[in-house]
Amino acid sequence: EFRHSALTHLGEAGTSLLMLMAKSRHKKPENLRRYFKPSPDAIAEITSLLAPRTSG
């Protein structure tokens, strides 16, 4: 469905929760959750941000 994919793409692009809520007209974050389904690649990308950095 377009609504699901559009919100997922916006979320994966770094759009804030408040902006996603404004775009979708949801008043509660829990209502927005059913429309946002991050891909495994997007989850891996943010997980990599937690990895310790090596100097050099």
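Rule-based calculations on the coordinates, nothing more; no lab input. Just so you know, these numbers come straight off a predicted model, no measurement behind them. So basically every Cβ, Gly included, is an ideal-geometry build from the backbone, and we count neighbours across all protein chains shown.
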*Sort all Cα-Cα distances of the chain into consecutive 10 angstrom bins from zero, then give the percent of pairs in each bin up to the one containing the longest distance.*
22, 46, 20, 9, 2
*Compare the Cα positions of S48, L10, L20 along the charge dipole of the chain (+1 at Cβ of Lys, Arg; -1 at Cβ of Asp, Glu; about the Cα centre) and return the one farthest towards the positive end.*
L20
*Report, in deg cm²/dmol and to the nearest 500, the calculated mean residue ellipticity at 222 nm for the chain, where each DSSP H run with n ≥ 4 adds -39500 (n - 2.57) and the sum is divided by the residue count.*
-15500 deg cm²/dmol
_Just want to confirm a number: the relative contact order over the chain, from Cα pairs under 8 angstrom separated by 6+ residues, in percent._
37 percent
